[in-house]
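Notes follow once the structure below has been shown.
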Amino acid sequence: MKLKYIAVQGAMMLMASFAAVSCIDGNDWDEDSSYDRLFSPTESNVSVSAQATQAEVKWSTVKDAESYIIEVSTDSLYNEVSMGGSQSIVFGQDGTIVASPYTLTSLAPDTKYFLRIKSVSTTKAESKWTYLSDKSFKTKTEQIIEHYDVAWNNVALSWPANAAVDHIEVLDGNGQVLQTITLDAGAISAGACTVTGLSPISSYQVILYNGSAKRGVISFTTPAKVPDADKVVYLAPGDSINNTLFEELAAEGICSVTVALPAGSAYYNASTLNIPDGLSVNFFGISGGDQPILAINLLNIAGKHEVLTFENLTITAAGKDAEGNAKTADYFINQSAACEVGRIEFSNCLLEGFTNTPFRLQSSDVKVIGQLTYSNCLIHTSGLDKYAVIHVDAGSGKGVVQNILLSKSTVAGASKSFIYCNKTDFKSLVIEDCTLSGLSNSGRYFMDCGASNGPTTFLIRNTLLGSLKEGSKGARCKTEATVENSYITTDVVFAGNAIAGFNEYDKSETSLFKNPAGLDFTIIDSSFAGKKSCGDPRWYYAD
């Protein structure tokens, strides 16, 4: 019995000891075994949303906590690191952080920070530190660059004057550093710098630094190289080419402007577009896709202009009115008012669909064009008999184009004449490396200035004349043409005023060209002597 009693007593003592241990473990789960300590914020509920120089911290509130302390540091943080190190910022030591969320301020941009948070009370010991689950966060790059202008070979930047910045890095599209520019006192004071040495149609990133901190970042692609001018206006798809644009430029005192049109875009204007007196304009189509379309009702070039150029454009009569309905233009230029233009040039352009002609000077006020050039162009006329492809009505000194040059171009479609200058003397007409087809109608002249007038120099060189309408005549002018290495087919029969000096190709143009009716003038006859030296080079015979 005594042994049984002792066993029972021992078992009871053992159970009591287990119970005691169970109570201690339960207490240790809920609060620190050594202190009456606050709970720590739950790690999984601590989050950070960072901007450039500040970050919002959220956490779950803790029972009995009166406030919180948050520490961030660019050095690693862990329990053995004392609060308030040389690389850290401590928030809330004054008891001001009493609720979530809280915004940390005065942070450095583009910087990695480690973060920890604890709860604080005046009646209990402060909690242990809670750390971000991923240990750190990074502030965003600051953006103090206020404005930038991109040209084909440079970018001009501006930011607040006297901001804390010291250098700029220029990176290519692959992230490789191309330039490092140290900012001098003048650039820092002005808050401006122009980065030069860029290439056209290239991607770049420019980063503005203060030490290792990024204070501004821009990414951009340079446009194509454009003709030089006092100002370049880069239009976006959907922008408008209108009189207000040019009036504002003239009001600024701009003497020359390049209007750059992006590839694949289209610009319609159902009204007459007036080029202000004294303004030179380069209409420039940016490469990289389909040619931009320029479809305006009429271009008025009254006044004086040094240069008007059109490059890499489709200039079409197929326009639209203000409501978006189809509208076909009769002319591109049909000048009535007096004008004086040093040079008008069409380069790498398609001109098509005008019911009368792309270019006409009327027989009214005095109009003088120093040089009219078509280079690398394709001109397709409507086939009407009223006007020539180049048509100058203003005789008796009222209107003149002093020099006409057609080079490496193709002109197709019947019209009154190819070139008509009404009883007007001028300096030169040069047609070289051109392919011509279907020009002039029956009874009309290929070139007509009147018997007593015309150019001092009349040169046809390396040119293919594929066809004339039956009954068409050659040239009526005071100067006989000089013809060099040029050919006519059997479809060219001059009914009068023949132009001498052409070599004769003994077949029709359909035997020489791939599809002249479809405007494909590729030379297909390998036996043709001028297959790689005559006509518009784009159509040369390919082996």
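The values are calculated or read from the model by the stated rules, or taken from the named source; none is laboratory data. Every value quoted in this text rests on a predicted model; they were computed, and no experiment measured them. All Cβ positions, glycine included, derive from the backbone under ideal geometry; neighbour counts span all protein chains shown. With ligands, DNA and RNA removed, areas are computed over all heavy atoms of the protein, side chains included. Shrake-Rupley method; radii C 1.70, N 1.55, O 1.52, S 1.80 Å.
Things to note:
- Segment 398-415 residues near the modelled Tyr540 label - backbone nitrogen below 18 Å, point 7 Å along Cα→Cβ: 407-410
- Accessible area per residue for the chain is 47 Å², calculated with a 1.4 Å probe on protein heavy atoms, without ligands, DNA or RNA.
- Mean Cβ neighbour count within 10 Å, used as a protection proxy, ranking 152-159, 133-140, 474-481 highest first: 474-481, 152-159, 133-140
- Rounded to the nearest 0.05, the FRET efficiency derived from the C-beta distance between Lys532 and Ala498 at R0 = 30 Å is 0.65.
- 5 angstrom amide H check on Ser265, placed H, neighbours 5+ away: Ile293
- Across segment 272-281, coupling constants 3J(HN,Hα) worked out from phi with the 6.51/-1.76/1.60 Karplus curve, θ = phi - 60°, read 6, 9, 9, 8, x, 3, x, 9, 9, 10 Hz, and Gly and Pro carry x.
- Beta bridges assigned by DSSP with both partners in segment 387-543 are antiparallel in approximately 5 percent of cases.
- Of the accessible area of the chain, computed with a 1.4 Å probe over protein heavy atoms only, carbon and sulfur atoms account for 48 percent.
- Cross-link partners for Lys423 among the lysines, with Cα-Cα distance under 21 Å and sequence neighbours closer than 8 places in the same chain left out: Lys367, Lys386, Lys398, Lys473, Lys478.
- Applying 1/(1 + (r/R0)^6) with R0 = 51 Å to the Cβ-Cβ distance of Glu146 and Arg343 gives a FRET efficiency near 0.85.
- Taking 0.36 nm per residue of separation and subtracting the current Cα-Cα distance, fully stretching the chain between Glu43 and Glu470 would add 144.4 nm.
- DSSP bridge orientation in segment 189-291 - percent antiparallel, rounded to nearest 5: 45 percent
- Taken over the alpha carbons of segment 35-76 as equal point scatterers, the Debye sum produces base-10 log I(q)/I(0) values at 0.29, 0.31 Å⁻¹ of -1.18, -1.23.
- With kT/(6 pi eta Rh) evaluated at 10 °C and eta = 1.306 mPa s, and Rh the Kirkwood radius from Cα pairs, segment 354-502 diffuses with a coefficient of 107 µm²/s according to Stokes-Einstein.
- Rounded if a/c under 1.5, otherwise prolate or oblate - segment 453-532, Cα gyration tensor axes: prolate
- Proximity of backbone amide H atoms, modeled 1.01 Å from N, is registered between Leu298 and Leu273 at under 5 Å, excluding neighbours fewer than 5 places apart on the same chain.
- Cα centroid of segment 168-204 to Cα centroid of segment 215-258, whole Å: 21 Å
- An ellipsoid equivalent to segment 338-416, defined through the eigenvalues of its Cα gyration tensor, has semi-axes of 21, 16, 9 Å when rounded to whole angstrom and sorted largest first.
- The string of couplings for segment 420-426 from the Karplus curve (6.51, -1.76, 1.60, θ = phi - 60°) is 10, 10, 5, 6, 10, 8, 8 Hz, one whole number per residue in order, with x for Gly and Pro.
- Within a straight-line Cα-Cα reach of under 18 Å, Lys58 can be paired with the following aspartates and glutamates, leaving aside sequence neighbours fewer than 8 residues apart in one chain: Glu43, Glu66, Glu71, Asp134.
- Chymotrypsin sites (Phe, Trp or Tyr not before Pro) within segment 274-367: DSSP coil, no more than 14 neighbouring Cβ in 10 Å: none
- Rh by Kirkwood over Cα pairs, then Stokes-Einstein D for segment 370-432 at 1.002 mPa s and 20 °C, µm²/s: 175 µm²/s
- From the alpha carbon centroid of segment 97-134 to that of segment 487-528 is 87 Å.
- Rounded to the nearest 10 degrees, the angle from helix 2-30 to the longest Cα principal axis of the chain is 40 degrees.
- Note that segment 253-382 carries a Kirkwood radius of 14.9 Å, evaluated over its alpha carbons pair by pair.
- Antiparallel beta bridges, as assigned by DSSP with both residues in segment 270-385, represent about 10 percent of the total such bridges.
- This structure gives volume of the Cα convex hull per residue in Å³, computed directly, and of (1) 159; (2) 168; (3) 276 that value is listed as (3).
- For segment 227-240, Karplus couplings with θ = phi - 60° (6.51, -1.76, 1.60), whole Hz, Gly/Pro x: x, 4, 6, 4, 8, 10, 10, 8, 7, 9, x, x, 5, 10
- Residues listed by number, segment 184-213, amide nitrogen under 11 Å from Ala161 label point at 7 Å toward C-beta: 189-192
- Distance in nm between pseudo-label sites at Val366 and Gln179 (7 Å out along the Cβ direction from Cα): 4.9 nm
- Relative packing of 248-261, 70-83, which averages over residues the other C-beta atoms within 10 Å, highest first: 248-261, 70-83
- Centre-to-centre separation between the Cα atoms of segment 73-93 and those of segment 402-456: 86 Å.
- Between the residues Thr194, Ile117, Val165, the greatest Cα displacement towards the positive end of the dipole of the chain, with unit charges on the Cβ of Lys, Arg, Asp and Glu, is found for Thr194.
- Förster-model FRET efficiency, 35 Å R0, Lys112 and Lys231, C-beta, rounded to 0.05: 0.20
- Projected label distance in nm at Ala266 and Asn242, using a 7 Å step from Cα toward the beta-carbon: 1.9 nm
- Estimated at 0.36 nm per residue, the fully extended path between Asp385 and Thr221 surpasses their Cα-Cα distance by 54.3 nm.
- Label-point separation in nm, Asp75 to Ser336, each point 7 Å along Cα→Cβ: 8.4 nm
- Restricting the calculation to alpha carbons of segment 70-203 gives Rg and Dmax of 21.3, 69 angstrom.
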